[in-house]
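First comes the structure, then the notes that go with it.
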Ligand SMILES: Nc1ncnc2c1ncn2[C@@H]1O[C@H](COP(=O)(O)OP(=O)(O)OP(=O)(O)O)[C@@H](O)[C@H]1O
Ligand SMILES: [Mg+2]
C-alpha cells in the first residue's frame, strides 16, 4: 500500500477538510482564489462557484492572502474581522519544489469568547516564546565573520584587512562610517575573529536607550538602588560582556554625563553599579561606532576630548558605498541570494540596465538602502529579472522612456514651490503627479502602473477618473 494521502480518493479530501472543521482557502501568486471549501463559503455568505477565480480581497473581508502569496512570509494567529466576528487567521505561503506558488489560509473561532479562553491558555506560552525568540535572534544577529563582509573594491578591501589585522589586539576600536555602511557587521566580525570570540559580544545602542536608563543598562544596579529596583539587583552590559566585547553603537549620541562615567571604566577597568558600594572589575574590549563627526563634536564641546582619545586608539573608517568601485553589483547579487531565501524566490537576477543604474546612484543610505531597494523590487516582480520598471521611482528618475501620457508642465510638483493651500489640495496634486509618473514608468500600461503604486486596479482607475487622466 502507498504511504500517504494517495490512499484517499481525491473527491473525499474536500469532505475531510470540511469535517475537520477548518475553513480553508487557497490562492495563486496573484491572489486569485483557486480553492475555497464550502464551510468557509457558508461562513462568508457566498458560494464556492461565486468565489473561485476571483481576487481574494473581493471574496474575504480584510484578507491578506494576496500579500502572503507575494511575500512568502507566513502570518500566524492574526486577528481578522469578518462579518463582525473577530477571526483568527493563519496564512501560510504555499511552496512547491522550492518555489512560492501561492498561499493557503485558514480561519478559526467564530466568536471572541472561544478566542478568549484559547488566549488565556496560551498567552504565557507565547510570551515566553517571544522572549526566547528575541534572545535567539540577538545571538544569531551578532554572528558575523569577515567572510560576510562582501566587497572587492580596493577602498573596502584595505579597510577589511585593517580590521582583520587588529581584531586580535586588545585595544579599543572606533568604527566610523555613514549610516548603513556595515559598522555593526564589522564590530561583530572583529569580535568573532578575536581571542574573545568564545565570550559574549554585547551590543548596546546608546541612541535608543532613554538617558535615565543608560547608566543602569551599562553598569547595572544594586538591590534597593531605587524604588522598583529588582530584588538581587541587575547586571549591566559591562558585566555581561566580561572577557568579551562590548559594542557601543551610536556613541556620538551618548549624553555628556554618561561619557564621564564611561571614561572612568576605560581608565580604571572597573565600575560602580547604580546605588552600589563596591566597584566591580571588568575585562572588556570596547568597540564604539558612530556616523557622527566626533572631531567636530569635540570642537563644539558636545563630546569629551579625553574620551575621544581613549576610544580612538584604532580608527577604522568604512567607506560609503558610492566610493566602493564595483562593489554595488557584488553586494546586490549577494543580497539577492539572501532575499531569495527569505521570500522563497530563487535565481533572481538584475538586468544590465539595472546594474548600470545602481552603479550611478549615490546611495546616501548605503547598503541598507540597497537592501530596501532590492526587497521592494522583488515584491513587484513576477519573473526572474529585475528591470528598471521594478525599481522605486526615485531611482528611475533619469530614465528616458517615451512618455505616452502628456504631462503638463504646470502640473509638475516641486515641494519647495508648494503654495500655502488646504492640505487636501497639495496631497491631490502630489497624488496626481505620482500617478502620472507611474504611468510613464509603466509605458502607459495602467495595470502595471497600479502595481508600481501598490494599489488595486479599481482604485487606480477611480483616481485616473478623478484627476482626468486618460
Ligand atoms: N559588506 C557587506 N556585505 C553585505 N552586506 C552588508 C555589508 N555591510 C553591511 N551589510 C548589510 O547592510 C545593512 C546595514 O549594516 P549595519 O547595520 O551594520 O550598518 P551601520 O553602519 O551599523 O548603520 P547605522 O549607522 O545606520 O546603524 C545590514 O543589513 C547588513 O547586513
Ligand atoms: Mg548600526
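Compute from the Cα atoms of the stretch 213-261 the Rg and the Dmax, the latter being the longest Cα-Cα distance, and quote both in angstrom.
Computed over the Cα atoms of the stretch 213-261, radius of gyration and Dmax are 12.0, 33 Å.
Give the distance, in whole Å, between the Cα centre of the stretch 54-97 and the Cα centre of the stretch 171-198.
41 Å
Report the calculated FRET efficiency for residue 152 and residue 47 (r = Cβ-Cβ distance, R0 = 51 Å), to the nearest 0.05.
On the way: r = 60 Å, r/R0 = 1.17.
For residue 152 and residue 47, the calculated efficiency is 0.30.
For residue 205 paired with residue 309, estimate the spin-label separation in nm (one decimal), with each label point 7 Å from Cα along the Cα-to-Cβ line.
Once both label points are built, they end up 3.3 nm from each other.
By how many nm would the segment from residue 230 to residue 3 grow when fully extended, if each residue of separation counts as 0.36 nm and the alpha-carbon distance is taken off?
Residue separation times 0.36 nm, minus the Cα-Cα distance, leaves 76.1 nm.
Run the simple label-point estimate for residue 10 and residue 270 please: 7 Å along Cα→C-beta, distance reported in nm.
So the label points at residue 10 and residue 270 sit 7.9 nm apart.
Let's test the formula: R0 of 51 Å, r as the Cβ-Cβ distance of residue 362 and residue 108. What FRET efficiency results, to the nearest 0.05?
The value I calculate is 0.55.
What's the extension gain from residue 90 to residue 18 if we count 0.36 nm per residue and subtract their Cα-Cα distance?
Fully extending the segment from residue 90 to residue 18 adds 24.2 nm.
Per-residue counts of other Cβ atoms within 10 Å, averaged by peptide: what ranking do you get for 73-79, 158-164, highest first?
158-164, 73-79
Using only the alpha-carbon atoms, how far is helix 154-166 inclined from the longest principal axis of the chain? Give it as 0 to 90 degrees, nearest 10.
50 degrees
Could you line up 394, 40 from fewest to most neighbouring Cβ atoms inside 10 Å?
Starting with the residue having the fewest Cβ neighbours, the order is 394, 40.
Restricting things to Cα coordinates, could you compute the convex hull volume per residue of the stretch 320-399 in Å³?
In the stretch 320-399, the Cα hull volume divided by residue count equals 81 Å³.
Report, in degrees rounded to the nearest 10, the 0 to 90 angle that the Cα long axis of helix 423-441 makes with the longest principal axis of the chain.
80 degrees
Mind ordering 6-13, 356-363 by average Cβ neighbours within 10 Å, highest first?
On the way: 6-13: 9.2, 356-363: 16.0.
Result, highest mean first: 356-363, 6-13.
Okay, which of the stretch 441-470 sit inside 15 Å, backbone N to the point 7 Å along the Cα-Cβ direction of residue 58?
456-462
Give me the percent of DSSP beta bridges within the chain that run antiparallel, rounded to the nearest 5.
Of all bridge pairs located within the chain, approximately 60 percent are antiparallel.
Take the Cα gyration tensor of the stretch 430-470, multiply each eigenvalue by 5, square-root it, and list the three semi-axes largest first, rounded to whole angstrom.
Ellipsoid half-lengths, sorted descending, are 13, 11, 9 Å.
According to the Kirkwood expression over distinct Cα-Cα pairs, how big is the hydrodynamic radius of the chain, in Å?
Here the Kirkwood hydrodynamic radius works out to 27.0 Å.
If you average the sequence gap of Cα pairs under 8 Å that are 6 or more apart and divide by the length of the chain, what percent do you get for the contact order?
On the way: 734 pairs, mean separation 52.7, N = 470.
Taking the mean separation of contacting Cα pairs over the length of the chain, I get 11 percent.
Calculated FRET efficiency, residue 257 and residue 420, Cβ-Cβ r, R0 41 Å, to nearest 0.05?
Between residue 257 and residue 420 the formula returns 0.45.
Enter the angle in degrees (range 0 to 90, nearest 10) between the Cα long axis of helix 327-343 and the first principal axis of the Cα atoms of the chain, meaning the one along which they spread out most.
The helix 327-343 is inclined about 60 degrees to the chain.
Evaluate the distance, in nm, between pseudo-label points positioned 7 Å from the Cα of residue 79 and of residue 317 along their respective Cα→Cβ axes.
If labels sit at residue 79 and residue 317, their model points lie 5.2 nm apart.
Would you mind estimating how fast the stretch 146-305 diffuses translationally, via Stokes-Einstein at 4 °C and 1.567 mPa s with the Kirkwood radius over Cα pairs, in µm²/s?
Working: Rh = 16.6 Å.
Approximately 78 µm²/s, per Stokes-Einstein.
Values in this text are rule-based calculations from the coordinates and carry no lab data. The structure displayed is predicted, hence computed values, not measured ones. Positions of Cβ are backbone-derived with ideal geometry, glycine not excepted, and every protein chain shown enters the neighbour counts.
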